[in-house]
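Visitor: Mind looking over this structure? Questions follow.
The values are calculated or read from the model by the stated rules, or taken from the named source; none is laboratory data. Given the structure is predicted, the values throughout are model-derived calculations rather than measurements. Cβ atoms come from the backbone with ideal geometry, glycine included; neighbour counts cover every protein chain shown.
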Amino acid sequence: MALALRHDPRVLPVLKEKLADLDVGNLYLEAAQELGDPQFLPLLRQLKDRGWGVETGDAFYLDSALEILSGSSTA
């Protein structure tokens, strides 16, 4: 998260790897949101399609990241 807050490009490959896994934690979603880079949209949409966070109640983290990165009110 610290690298994302600094917009440090070293975090990009780590986020791509973590966001490709259904077992990703919400801090990685928040880091992607903080970076604001739309390159994460396909990975985030894949997580949504796979139902990430629905059972745990954490889906709002994913919805928020999708909203910010897509620039729309509904992801």
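Visitor: Restricting the search to region 13-46, which residues are among the small types (Gly, Ala, Ser), at pLDDT 95 or above and surrounded by 13 or more Cβ atoms within 10 Å (Cβ to Cβ)?
Guide: Matches in region 13-46: ALA31, ALA32.
Visitor: Here is a further query. Mind listing whichever residues of region 18-32 are within 13 Å of GLN46 (Cα to Cα) and in a helix (DSSP H, G or I)?
Guide: LYS18, LEU19, LEU29
Visitor: What pairs come out if I take residues in region 24-53 that are under 15 Å from VAL14 (Cα atoms) and pair them with residues that are among the charged types (D, E, K, R) whose C-beta lies under 7 Å away, six or more apart or interchain?
Guide: Filtered contacts from region 24-53: VAL24/LYS18; ASN26/ASP58; TYR28/LYS18; LEU43/LYS16.
Visitor: If we keep just the residues of region 34-75 that are among the small types (Gly, Ala, Ser) and not in a helix (DSSP H, G or I), which is nearest to ARG6 (Cα to Cα)?
Guide: GLY36
Visitor: Moving on to the next point. Restricting to region 1-30, name every residue that is among the small types (Gly, Ala, Ser) and in contact with a Lys or Arg (Cβ under 9 Å, 6 or more places away or on another chain).
Guide: The answer is GLY25, and nothing else.
Visitor: Using beta carbons and a limit of 8 Å, which pairs, at least six apart or on different chains, have the first residue in region 3-21 and more than 11 Å from GLU34 (Cα to Cα) and in contact (Cβ under 8 Å) with a residue 24 or more places away in the chain and the second one part of a helix (DSSP H, G or I) and of a type in the set (Gly, Ala, Ser)?
Guide: VAL11/ALA4; VAL11/ALA31; LEU15/ALA4; LEU15/ALA31; LEU15/ALA32; LEU19/ALA32
Visitor: Can you find a residue in region 55-73 that is without any contact (Cβ under 8 Å) to a residue 12 or more places away in the chain, farther than 26 Å from ASP8 by Cβ and crowded, with 16+ Cβ neighbours inside 10 Å?
Guide: Yes, that holds for at least one residue.
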